[in-house]
1. Just one of (1) surrounded by fewer than 19 Cβ atoms within 10 Å (Cβ to Cβ); (2) farther than 21 Å from ILE108 by Cβ; (3) at pLDDT 95 or above trips up PHE67, so point out which.
2. Quick one: how many residues across region 68-102 are in contact (Cβ under 8 Å) with a residue 24 or more places away in the chain and not aliphatic (A, V, I, L, M)?
3. Name every residue in region 20-60 that is charged (D, E, K, R) and under 21 Å from LEU152 (Cα atoms), in order of residue number.
4. Please enumerate the residues belonging to region 120-153 that are more than 30 Å from LEU62 (Cα to Cα) and either of a type in the set (Phe, Trp, Tyr) or surrounded by 15 or more Cβ atoms within 10 Å (Cβ to Cβ) (or both).
5. Specify the residue that is surrounded by the most Cβ atoms within 10 Å (Cβ to Cβ); the eligible residues are those in region 83-113 that are within 19 Å of TYR23 (Cα to Cα) and acidic (Asp, Glu).
6. With under 27 Å from MET1 (Cα atoms) and not acidic (Asp, Glu) as the only criterion, which of THR80, THR70, THR163, THR133 stands out?
7. Out of the residues in region 26-72 that are in a helix (DSSP H, G or I) and of a type in the set (Gly, Ala, Ser), state the one that is farthest from the chain's Cα centre (by Cα).
8. Just give me the residues in region 62-72 being in contact with a Lys or Arg (Cβ under 9 Å, 6 or more places away or on another chain) and not hydrophobic (A, V, I, L, M, F, W, C), in sequence order.
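The values are calculated or read from the model by the stated rules, or taken from the named source; none is laboratory data. Quick caveat: nothing in here was measured; it's all calculated off a predicted structure. Neighbour counts run over all protein chains shown; Cβ positions are idealised from the backbone, glycine included.
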Amino acid sequence: MALQPQVTEVLNNQINKELYSSYLYLTFADYYDDRGLKGFANWYEIQAKEEMDHAMAIRRYLLDNDFKPTMEAIDKPDKTFDNDLAPLEAGLEHEEYVTGLIHNCYEIAHEVHDVRTMQFLDWFVKEQGEEETNARDMVTNMKLFGSDPKGLYDLDREYQARTYVQQTALPM
């Protein structure tokens, strides 16, 4: 069964949104790198890679379902920050936005009874829950410990330990 046009449109658009997320998180990494917070920079560099993985998974899904994706222009991130908490809050806000986009994709698939796409999107729904939790925890930790130099140092060291692992459960 071929994918419905409204499903391919929203999924193709989601590829662009995931690529934008990758760009956005690189700007967060750059902010923290400039501040000497290599751990925070590392965290967002890994986030950028994961967002690219998400875009590639959706692209592969479309290709595997006989739809050729259209790569659109990616907007330039326009966020600037004046303190170390601001990127984290922007990250949480962005993850909540992406959750809404994924839910919209799911709703459109549901409307046209596209069970295969709904099943594909199940992974993304779960992933967004985890992403929001991580982003919320980072905001909370910065508020609790970030104003103290030793606390900020400890957080930075914790985030520096994060390593990129391609998500094996990613639907491809």
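1. Every listed condition holds for PHE67 apart from (2).
2. Within region 68-102, residues that are in contact (Cβ under 8 Å) with a residue 24 or more places away in the chain and not aliphatic (A, V, I, L, M) number 16.
3. Result: ASP30, ASP33, ASP34, ARG35, LYS38, GLU45.
4. Filtering region 120-153 for residues more than 30 Å from LEU62 (Cα to Cα) gives 136-153.
Within region 120-153, ARG136, MET138, VAL139, ASN141, MET142, PHE145, GLY146, LEU152, TYR153 qualify.
5. This residue is GLU95.
6. Step by step, each of THR80, THR70, THR163, THR133 is checked, and only THR70 is under 27 Å from MET1 (Cα atoms) and not acidic (Asp, Glu).
7. GLY39
8. Filtering region 62-72 down to residues in contact with a Lys or Arg (Cβ under 9 Å, 6 or more places away or on another chain) leaves 62, 65, 69, 71.
Answer for region 62-72, where residues must be in contact with a Lys or Arg (Cβ under 9 Å, 6 or more places away or on another chain) and not hydrophobic (A, V, I, L, M, F, W, C): ASN65, PRO69.
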